[in-house]
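Colleague: One structure, pasted below without further comment.
The values are calculated or read from the model by the stated rules, or taken from the named source; none is laboratory data. Quantities reported herein were computed from a predicted structural model and do not represent experimental measurements. Cβ coordinates were reconstructed from backbone atoms using ideal geometry, including for glycine residues, and neighbour counts include every protein chain displayed.
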Amino acid sequence: MKKKAVITTIIVLIFAVFISGFVVPEFFNEKIDEIDERTTFDINRRLKVVDFELGLDLQGGAHLLYQADLSDVDERERGDRMRALRDLIERRVDHFGIGEPLVQVRGDRLVVELPGVRDQEEAIEQIGETPFLEFKILRPDDEIEAIEEKKREVEDFLDKSIAEITDEDIELLEQEIEDWDLALEDEFVSSGLTGRFLRGAEVQFNQVTGEPAVSLDFDNEGAEILHEITKENIDKPMATYLDGNVIQIATIREEIPGGRAQISGNMNVEEARELQRDLQIGALPVPIELISQRSIGPALGRESLERSIRAGLLGLVAVIVFMCIYYKMLGFLASVSLLIYVILVLAAFKVLSVTLTLSGIAGFVLSIGMAIDANILIFSRMKEEFAADKTFEKAVEEGFSRAWPSIRDGNLTTVLVAFILFFVSTSFVQGFATVLIIGILISLFTAMIITRSLILSFAHGKLTEIKKLWR
């Protein structure tokens with residue numbers, strides 16, 4: 001058993017050193033540079049630097065608040081609409097590669113946090129301030145004729161085009177021409193088909209002519225609306241509006257059942273891809289308006305990060321000192337295991353791309369204390385076995401086996417609470433819960449496997465004969 005424990009310990013220690021290079025590559029690269037300078041060796045390889053993902057509160061960035069217009073949405077559908085809006089904004093941000101975004105729904109508002117973004121205006125421009133997709137059909141001929149007639153009347157009265165109307169002109173028109181605002185009406189009217197119903201858009205090519213086209217895929221409700229529209233408007237144009245601007249006008253050639261439509265003709269590959277992008281990232285279920293924006297400076301984030309790291313190091317040192325004083329050799333070995341635990345957790349943060357926030361770091365610092373808790377339970381059981389004059393190896397085995405049910409149940413309940421916090425709370429608490437879950441799972445491994453192997457590797461050795469070191 002001792003031989004197996006020694007082999008496990010050696011493997012774990014080598015693995016810990018290897019993982020350390022992933023956690024703090026800058027330190028190892030600096031040492032490699034020193035070796036290159038002081039010796040004739042020329043080490044060309046350097047460790048790849050992978051940075052930790054830091055949240056908005058640690059590295060600064062942009063905080064945007066959007067207001068959704070739910071006035072035309074049934075109250076029972078508002079929750080679904082806002083969740084769909086959140087998911088789509090997340091995809092839109094990902095499309096532009098903006099940091100590690102955090103998008104949250106708060107009632108009828110949407111909070112967008114963009115860590116690392118310094119230029120708010122650029123972020124707003126990339127996300128889109130009011131991206132809303134809508135499909136419109138041509139008005140009846142009599143309505144179009146009335147609009148055109150009113151437009152001519154207004155332009156003749158002002159002796160200028162509709163596009164040149166000023167606020168002063170509006171005051172004059174309100175006094176002189178009845179229903180003058182009819183001249184501002186669009187020839188197209190809403191069909192009821194919006195981006196809410198669009199599931200996807202992709203560029204395809206005609207197998208015969210090679211011409212590009214954009215294929216649209218609507219959900220079941222959208223498919224029914226599209227079928228009704230195309231059935232009643234064959235050979236009439238349908239306009240696609242994004243943010244109130246026409247991005248495409250296509251003629252309805254036939255009745256379209258099934259929810260799959262295609263826009264083709266009069267566009268090259270680049271235009272088709274641009275249209276596909278506009279459809280895909282502009283298909284918002286409800287209109288939104290930016291109502292608040294603020295920038296969080298990196299200086300405050302740096303200060304918070306430095307204080308958090310300092311607190312974590314002090315906590316780690318305090319735990320190690322306590323364990324070494326109170327549990328002596330067992331405490332020293334548990335401290336070695338704790339250091340390996342810290343390395344593994346930090347590596348997990350990088351591998352899983354965990355976004356670290358202040359609350360997350362708090363969870364990590366707390367998990368350090370909880371990681372040693374399992375060792376304390378084990379050591380308490382071992383001391384009872386030592387008091388009963390059990391052999392060293394037997395006392396270790398009994399200590400671990402009898403402490404395991406308490407360790408398992410205690411950590412399981414903590415994990416369950418952390419999962420509940422993650423799924424029902426805000427992002428601030430979610431960061432805490434995520435880090436705590438990772439920490440607990442890794443602490444079980446370090447306590448039950450690594451600490452056990454470290455202790456058993458001393459079995460039958462001369463150190464075990466010095467009872468004061470272990471009891």
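Colleague: Among the candidates 55, 60, which residue alone is on the phi > 0 side of the Ramachandran plot, at pLDDT 70 or above and in contact with a strand residue (DSSP E or B) (Cβ under 8 Å, 6 or more places away or on another chain)?
Modeller: Details: 55 fails: on the phi > 0 side of the Ramachandran plot.
Among 55, 60, only 60 is on the phi > 0 side of the Ramachandran plot, at pLDDT 70 or above and in contact with a strand residue (DSSP E or B) (Cβ under 8 Å, 6 or more places away or on another chain).
Colleague: Oh, and also: Within region 248-271, which residues are of a type in the set (A, V, I, L, M) and assigned to a strand (DSSP E or B)?
Modeller: Matches in region 248-271: 249, 250, 261, 263.
Colleague: Looking only at region 186-202, decide whether some residue is in contact with a Pro (Cβ under 8 Å, 6 or more places away or on another chain) and among the β-branched types (Val, Ile, Thr).
Modeller: yes
Colleague: Follow-up. For region 174-200, enumerate the residues that are in a loop (DSSP other than H, G, I, E, B) and either surrounded by 12 or more Cβ atoms within 10 Å (Cβ to Cβ) or hydrophobic (A, V, I, L, M, F, W, C) (or both). Please lay out each step first, then the result.
Modeller: Initially, region 174-200 is screened for residues in a loop (DSSP other than H, G, I, E, B), giving 177-179, 185-187.
Result: 177, 185, 186, 187.
Colleague: Conditions first: (1) over 21 Å from residue 138 (Cα atoms); (2) out of contact with any strand residue (DSSP E or B) (no Cβ under 6 Å at 6 or more places or on another chain). Residue 182 passes all but one, so which condition is the exception?
Modeller: (1)
Colleague: Being among the small types (Gly, Ala, Ser) and in contact (Cβ under 8 Å) with a residue 24 or more places away in the chain is the filter; apply it to region 250-270 and report the residue that is surrounded by the most Cβ atoms within 10 Å (Cβ to Cβ).
Modeller: 261
Colleague: Exactly one condition in (1) in contact (Cβ under 8 Å) with a residue 60 or more places away in the chain; (2) more than 17 Å from residue 9 (Cα to Cα); (3) touching a helix residue (DSSP H, G or I) at 6+ places or on another chain (Cβ under 7 Å) is not met by residue 447; state its number.
Modeller: Here residue 447 clears every test but (2).
Colleague: What single numbered condition from (1) at pLDDT below 85; (2) in a helix (DSSP H, G or I) fails to hold for residue 389?
Modeller: (2)
Colleague: Only residues in region 322-343 that are over 17 Å from residue 364 (Cβ atoms) count as the first member; pair them with residues that are of a type in the set (Phe, Trp, Tyr) and surrounded by fewer than 17 Cβ atoms within 10 Å (Cβ to Cβ), Cβ under 7 angstrom, at least 6 apart or cross-chain, and list the lot.
Modeller: So the pair list comes out as 324/332.
Colleague: Looking only at region 324-334, how many residues end up being surrounded by fewer than 22 Cβ atoms within 10 Å (Cβ to Cβ) and either within 38 Å of the chain's Cα centre (by Cα) or among the aromatic types (Phe, Trp, Tyr) (or both)?
Modeller: 2
Colleague: Residues of region 259-279 being under 16 Å from residue 238 (Cα atoms) and among the β-branched types (Val, Ile, Thr), which ones?
Modeller: 263 - this is the single residue of region 259-279 that is under 16 Å from residue 238 (Cα atoms) and among the β-branched types (Val, Ile, Thr).
Colleague: Within the bounds of region 416-432, is there any residue that is touching a residue at least 60 places away in the same chain (Cβ under 8 Å), surrounded by 14 or more Cβ atoms within 10 Å (Cβ to Cβ) and among the β-branched types (Val, Ile, Thr)?
Modeller: Yes; the residues of region 416-432 include at least one that is touching a residue at least 60 places away in the same chain (Cβ under 8 Å), surrounded by 14 or more Cβ atoms within 10 Å (Cβ to Cβ) and among the β-branched types (Val, Ile, Thr).
Colleague: Same structure again: I need a count of the residues in region 122-157 that are modelled with pLDDT of 70 or more and either among the polar types (S, T, N, Q) or assigned to a strand (DSSP E or B) (or both).
Modeller: The number of residues fulfilling the criteria is 6.
Colleague: Can you pull out every residue in region 201-249 that is loosely packed, with under 13 Cβ neighbours inside 10 Å and small (Gly, Ala, Ser)?
Modeller: Across region 201-249, the qualifying residues are 210, 244.
Colleague: Here is a follow-up. From the list 378, 309, which one is among the β-branched types (Val, Ile, Thr), assigned to a helix (DSSP H, G or I) and within 25 Å of residue 403 (Cβ to Cβ)?
Modeller: Values: 309 fails: within 25 Å of residue 403 (Cβ to Cβ).
Criteria check complete, one pass: 378.
Yes or no, residue by residue, for (1) in a helix (DSSP H, G or I); (2) farther than 24 Å from residue 17 by Cβ; (3) basic (Lys, Arg):
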position: 317; (1), (2), (3): yes, no, no
position: 323; (1), (2), (3): yes, no, no
position: 327; (1), (2), (3): yes, yes, no
position: 335; (1), (2), (3): yes, no, no
position: 353; (1), (2), (3): no, no, no
position: 359; (1), (2), (3): yes, yes, no
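Colleague: Only one residue in 447, 418 is among the aliphatic types (A, V, I, L, M), assigned to a helix (DSSP H, G or I) and under 26 Å from residue 471 (Cβ atoms), so which one is that?
Modeller: Just a single option satisfies the conditions, and that option is 447.
Colleague: Can you tell me which residue among 65, 85 is under 18 Å from the mean Cα position of the chain (by Cα), outside any helix (DSSP H, G or I) and in the same structural domain as residue 288 (by TED's automatic domain parsing)? Working first, answer last.
Modeller: Working: 85 fails: outside any helix (DSSP H, G or I).
After applying the criteria, what remains is 65.
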